[in-house]
1. Put a dot 7 Å past each Cα toward the Cβ at Ser148 and Glu123; how far apart are the dots in nm?
2. In nm², what is the average projected area of the convex hull enclosing the Cα atoms of the range 1-157?
3. State, as an integer percentage, the relative contact order of the range 39-124 based on alpha-carbon contacts under 8 Å between residues 6 or more apart.
4. Across the range 9-123, how many lysine pairs separated by 8 or more positions, or lying on different chains, have Cα atoms within less than 23 Å?
5. Checking the cross-link filter: which lysines have an alpha carbon closer than 19 Å to that of Lys149, excluding same-chain neighbours under 8 positions apart?
6. Taking the C-alpha atoms of the range 40-108, how large are the radius of gyration and the largest Cα-Cα span, Dmax, in Å?
7. Cut-off 10 angstrom, C-alpha nodes, Gaussian network model of the chain. Which of Glu64, Glu123, Glu132 fluctuates the most?
8. Explain nothing, just the number: dipole magnitude of the chain about its Cα centre with +1 on each Lys and Arg Cβ and -1 on each Asp and Glu Cβ, in debye rounded to the nearest 20.
Amino acid sequence: MAKPAPSAGIASGQCLCGKIAFEIDVPARWAWHDHSAASRRAHGAAYATYVGSWRKRFRITKGESLVASYEDAALKTTRSFCSKCGTPLFYERARSPHMINISRALFESRTGRQPLYHIAIEELQEWAYTGEPLVPLKGYPGVVWQRSKKKRRGTGEDLFELGRGGA
């Protein structure tokens, strides 16, 4: 087995309420976006982004007794979350006992890996944002939206034009 690269630093993270904190040695092993139904439901989001770390390079630094878990026997996985605020924390697979996958959004800094991979892309939902151009929504600072791709009908093409007092 290949020897893990030496640590280039530490990346720290925590749950929403701050009762659980953790760290990994960076660089992380890898990072990816998971579009599977299980991750989508566990995070309540279009997809979940994870950072994978060797277990020996991962440490819970605060609140270990508050980590709760859910074991999915059918998928042979364990998902851990904060028992106080419910934040999804870690994802583990029985077939990869030396790895732990951590929700990327919980880290306060870089992890040494960018999420370049997409897992279960065939489960991508039709309503998920996939990078279409967005424009500011007038009158709502900080809100952007995706304009409709439908072209407006030109004069004379509107089926209801006659009913509006036209000829």
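1. 3.3
2. Working: hull surface 54.5 nm².
The directionally averaged projection comes out at 13.6 nm².
3. Numbers: 105 pairs, mean separation 25.7, N = 86.
Relative CO of the range 39-124 lands at 30 percent.
4. 5
5. Lys138
6. 11.7, 33
7. Glu132
8. Taking the Cα centre of the chain as origin, the dipole is about 320 debye.
Where a number appears in this text, it was derived from the coordinates with a stated rule and is not lab data. Just so you know, these numbers come straight off a predicted model, no measurement behind them. Here Cβ is always computed from backbone atoms with ideal geometry, including for glycine, and neighbour counts include all displayed protein chains.
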